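J.: Shown below is the structure under consideration.
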Ligand SMILES: [Fe+2]
Ligand SMILES: [Fe+2]
Ligand SMILES: [Fe+2]
């Protein structure tokens with residue numbers, strides 16, 4: 001029996017890093033907030049389970065800030081509208097059942113301590129961990145990363161102390177101050193050694209393929225919901241790729257892996273500003289390069305996940321072309337492109353041309369298949385896979401339409417619920 005075992009922390013770290021790619025101003029934010037939160041959790045003698053949830057929540061806490069603007073807004077010490085991204089994040093992370101508690105921590109990560117009473121009156125419980133996460137997050141936005149951290153300690157402590165019993169829970173403020181007294185803590189903050197602490201604490205949680213698939217669906221939504229132009233794209237690609245894998249004789253395990261790869265194939269688009277993704281005019285050369293880079297990020301980020309198998313390759317090489325021309329990011333040639341990567345390329349193109357987008361209708365069967373045929377003739381994509389698609393077109397395409405229609409329903413429900421919770 002084939003097995004696939006992925007340490008959950010590897011996956012979450014990969015996803016966490018991808019959230020911070022959108023701007024140099026944010027790089028490493030999630031990791032540092034997680035590191036600070038974890039240290040406070042230890043100082044406060046929280047239970048191991050609670051520290052774990054807190055660390056996962058911190059690694060993903062701004063996941064609901066989908067646009068560059070919102071992410072940069074989160075860097076302000078006093079946020080004007082902090083709860084929207086908290087609720088979006090909560091709603092996204094909750095899609096994975098075991099992350100129920102993690103999602104609640106995220107939901108309240110901007111609730112001031114002196115506001116908790118108000119929340120309780122409205123029968124909303126604010127978990128203690130959210131107070132830790134809130135403080136850790138605010139500490140990180142106070143840090144000037146262009147200057148030596150050591151010189152800023154006093155300033156930061158003063159800012160936090162001033163809000164003791166107002167913005168911040170007194171107990172958490174004290175734990176923070178105690179936890180950063182050691183020079184070591186400051187030196188490690190922002191260094192590569194942070195990851196080893198996460199591995200030590202969380203390394204024993206291993207995901208099987210179904211759990212991996214479940215978490216990949218959250219990221220599929222995050223990637224797609226950023227732009228209304230492509231709000232169902234990854235789910236369509238995942239479906240088509242998985243079906244092509246099945247019809248070309250791949251094992252059940254491999255078809256599930258293909259689905260994960262489809263869900264995550266555009267992960268690197270999180271590094272691309274939503275303004276570029278939605279720009280109606282022609283992109284400048286720089287903008288186009290930034291879009292092209294998305295596959296490089298997908299490839300390199302997923303590759304670091306232990307136990308991920310070929311998923312990173314299938315996902316990350318979907319814009320390469322068999323003749324080695326015009327593909328990116330590596331300009332690989334046919335002999336370097338596995339069956340899985342070839343399937344993903346066909347699934348991506350087929351879905352992209354067939355799906356309806358707000359500014360145009362998708363191509364019908366005849367046009368879409370003839371376009372793929374021509375690409376196969378020019379040795380851009382694999383002709384055998386195109387043949388499999390042609391032989392099973394109606395079944396595959398009907399499934400794609402159903403899956404994408406279902407996501408439209410989820411998309412609308414999602415935003416309705418977010419607006420209700422606001
Ligand atoms: Fe936030
Ligand atoms: Fe944050
Ligand atoms: Fe792509």
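J.: Sort through 206, 156 and tell me the only one that's in contact (Cβ under 8 Å) with a residue 60 or more places away in the chain and either surrounded by 17 or more Cβ atoms within 10 Å (Cβ to Cβ) or touching a strand residue (DSSP E or B) at 6+ places or on another chain (Cβ under 7 Å) (or both).
T.: 206
Residue by residue, here is whether (1) closer than 30 Å to residue 144 by Cα; (2) at pLDDT 95 or above holds:
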position	(1), (2)
190	yes, no
210	no, yes
243	no, yes
248	no, yes
257	no, yes
261	no, yes
270	yes, no
274	yes, no
300	yes, yes
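J.: Here is a list: 295, 346, 353, 291. Which entry is more than 30 Å from residue 203 (Cα to Cα), surrounded by 22 or more Cβ atoms within 10 Å (Cβ to Cβ) and in contact with a helix residue (DSSP H, G or I) (Cβ under 7 Å, 6 or more places away or on another chain)?
T.: Result of the check over 295, 346, 353, 291: 346.
J.: Which of the residues that make up the range 9-26 are over 14 Å from the mean Cα position of the chain (by Cα) and under 18 Å from residue 222 (Cβ atoms)?
T.: Within the range 9-26, 23, 26 meet the criteria.
J.: On to the next question. Would you call residue 334 more than 16 Å from ligand 1 (Cβ to nearest atom), buried (at least 22 other Cβ atoms within 10 Å of the Cβ) and assigned by TED's automatic domain parsing to the domain that holds residue 237?
T.: Against the criterion (more than 16 Å from ligand 1 (Cβ to nearest atom), buried (at least 22 other Cβ atoms within 10 Å of the Cβ) and assigned by TED's automatic domain parsing to the domain that holds residue 237), residue 334 does not qualify.
J.: Among residues belonging to the range 102-111 that are away from ligand 1 (no atom under 13 Å from the Cβ) and within 20 Å of residue 81 (Cα to Cα), point out the one that is farthest from the chain's Cα centre (by Cα).
T.: Only one residue tops the list, namely 104.
J.: If I filter the range 215-231 down to residues being part of a helix (DSSP H, G or I) and more than 13 Å from the chain's Cα centre (by Cα), which single residue comes out as surrounded by the most Cβ atoms within 10 Å (Cβ to Cβ)?
T.: 230
J.: Something else now. So which residues in the range 40-67 are more than 24 Å from the chain's Cα centre (by Cα) and surrounded by fewer than 24 Cβ atoms within 10 Å (Cβ to Cβ)?
T.: 42, 43, 44, 45, 46, 47, 48
J.: Something else: Could you list all residues from the range 153-179 that are within 31 Å of the chain's Cα centre (by Cα) and within 18 Å of residue 77 (Cβ to Cβ)?
T.: Once the filter is applied, which keeps residues that are within 31 Å of the chain's Cα centre (by Cα) and within 18 Å of residue 77 (Cβ to Cβ), the range 153-179 yields 156, 160, 167, 168, 169, 172, 173, 176.
Residues are listed down the side, and each one gets a yes or a no for (1) touching a strand residue (DSSP E or B) at 6+ places or on another chain (Cβ under 6 Å); (2) within 16 Å of ligand 3 (Cβ to nearest atom); (3) farther than 30 Å from residue 199 by Cβ; (4) not assigned by TED's automatic domain parsing to the domain that holds residue 17:
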position	(1), (2), (3), (4)
295	no, yes, no, yes
314	no, yes, no, yes
326	no, yes, yes, yes
366	no, no, yes, yes
370	no, no, yes, yes
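J.: Looking at the range 47-58, can you tell me whether even one residue there is in the same structural domain as residue 129 (by TED's automatic domain parsing), in a loop (DSSP other than H, G, I, E, B), farther than 28 Å from residue 144 by Cα and more than 14 Å from ligand 2 (Cβ to nearest atom)?
T.: yes
J.: Next question. Can you name the residue in the range 59-89 that is closer than 24 Å to residue 155 by Cα and free of Cβ contacts under 8 Å to residues at least 24 places away in the same chain and, of all such residues, is nearest to ligand 2 (Cβ to nearest atom)?
T.: For the range 59-89, the residue satisfying everything is 73.
J.: Quick one: residue 201 ticks every box in (1) modelled with pLDDT of 90 or more; (2) over 23 Å from residue 49 (Cα atoms) except a single one, so which number is it?
T.: For residue 201, the failing item is (2).
J.: Test each condition in (1) closer than 16 Å to residue 33 by Cα; (2) free of Cβ contacts under 8 Å to residues at least 24 places away in the same chain for residue 181 and report the one that comes out false.
T.: (1)
The values are calculated or read from the model by the stated rules, or taken from the named source; none is laboratory data. Quantities reported herein were computed from a predicted structural model and do not represent experimental measurements. Neighbour counts are summed over all protein chains in view; Cβ atoms, including those assigned to glycine, are modelled from backbone coordinates with ideal geometry.
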